[in-house]
Amino acid sequence: MRTRFSNALALIFLSACAPSQAAPQPADLQPASTFTAIPTLTAPPPTPTYAVPPLDDAANTVYYFAPDVCNAKWANSGQDIPCPGIQGQINSGYVELLTDMELNLPYKANALLTIPPQEGDFAEIFGTFPARTIELGDFFRAQLYCMPDTQCDVIFSLGYYDSNGKFSEPFPAWPYNYAEIPNLINFPLDILANQTVQLTLVVRDNNDPTNDFAVWVEPRIFRHPGVATPTP
């Protein structure tokens, strides 16, 4: 009796230790490699963090560019660009008015999507806005950004045409890469005080226009309160 019992226990023990005969998990249930979709192993664009909140300056903003987007003349270095752009046609450059909903912004805002040309010898897009007189204490303000899920690498710039039609870009260029937090620009326009000019938004590719979906969030002119333009 004891021998039969011992033999039974031994049989149970050996069965528990034997390799499992369960079918292997299907290959498609295994987690995919992190970088299989990006051959160069480039990390995907991060979700932007808004370390710099937008300025609460509506009371002293004297001009918003976004509502005037199609009153501006849009062009690359050699040809005009329609406004708004035609969906899917970005080879010569593209411009469109966007909202905070389309950009997943955590605050209400309008924005300009500006895409430099994707082919040919042109490397920039220009938007020349209606003429206006700049006063002492005026600042150019905007948040520079990339369209979500695009790996843009561009150079933003601000230029102007003077009353004689001469174009100048006296302000610093603002390089921007998708991996950075949105860049808040707050730049004085005092060198243009008392001049009537056509301010021009410029975006250039940084040697490669692919994915250069560049965004100006609420580009505007802010007039510093308490600063008056002196009478000539």
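The values are calculated or read from the model by the stated rules, or taken from the named source; none is laboratory data. This one's a predicted model, so the numbers in the text were calculated from it and none came from an experiment. Virtual Cβ from ideal backbone geometry, glycine too; neighbours counted across all protein chains shown.
I'm trying to understand the selection: among the residues of the range 96-130, which are among the aromatic types (Phe, Trp, Tyr) and closer than 26 Å to residue 161 by Cβ?
The answer is 122, 126, 129.
Taking the range 134-161 as the search range and keeping residues that are of a type in the set (Val, Ile, Thr) and at pLDDT 95 or above, which one is surrounded by the fewest Cβ atoms within 10 Å (Cβ to Cβ)?
Filtering the range 134-161 for residues that are of a type in the set (Val, Ile, Thr) and at pLDDT 95 or above, the one surrounded by the fewest Cβ atoms within 10 Å (Cβ to Cβ) comes out as 155.
Before we move on, is residue 210 under 26 Å from residue 77 (Cβ atoms) and either surrounded by 15 or more Cβ atoms within 10 Å (Cβ to Cβ) or modelled with pLDDT of 95 or more (or both)?
Taking the combined requirement at face value, the residue does not satisfy it.
List the pairs whose first member sits in the range 174-186 and is assigned to a strand (DSSP E or B), whose second member is exposed (fewer than 13 other Cβ atoms within 10 Å of the Cβ), and whose Cβ atoms are under 6 Å apart, counting only residues at least 6 apart or on separate chains?
These pairs meet every condition: 184/52.
Return the residue satisfying two criteria in turn: it lies in the range 136-161 and is in a loop (DSSP other than H, G, I, E, B) and out of contact with any helix residue (DSSP H, G or I) (no Cβ under 9 Å at 6 or more places or on another chain), and of such residues it is nearest to residue 74 (Cα to Cα). Show your work before the answer.
In the first step, residues of the range 136-161 are kept if they are in a loop (DSSP other than H, G, I, E, B); the result is 136-137, 147-152.
Then keep just the ones that are out of contact with any helix residue (DSSP H, G or I) (no Cβ under 9 Å at 6 or more places or on another chain); that gives 149-152.
Values: 149: 25, 150: 22, 151: 23, 152: 20 Å.
The extreme case among them is 152.
Out of all the residues in the range 99-121, which are among the aliphatic types (A, V, I, L, M), over 12 Å from residue 85 (Cα atoms) and either in contact with an Asp or Glu (Cβ under 6 Å, 6 or more places away or on another chain) or at pLDDT 90 or above (or both)?
Passing the criteria: 109, 111.
Would you be able to say whether some residue in the range 122-133 is more than 15 Å from the chain's Cα centre (by Cα), outside any strand (DSSP E or B), farther than 13 Å from residue 213 by Cα and at pLDDT below 95?
Checked the range 122-133: at least one residue is more than 15 Å from the chain's Cα centre (by Cα), outside any strand (DSSP E or B), farther than 13 Å from residue 213 by Cα and at pLDDT below 95.
Could you go through the range 92-103 and let me know if any residue there is part of a strand (DSSP E or B), among the hydroxyl-bearing types (Ser, Thr, Tyr) and surrounded by fewer than 22 Cβ atoms within 10 Å (Cβ to Cβ).
Yes - at least one qualifying residue is present in the range 92-103.
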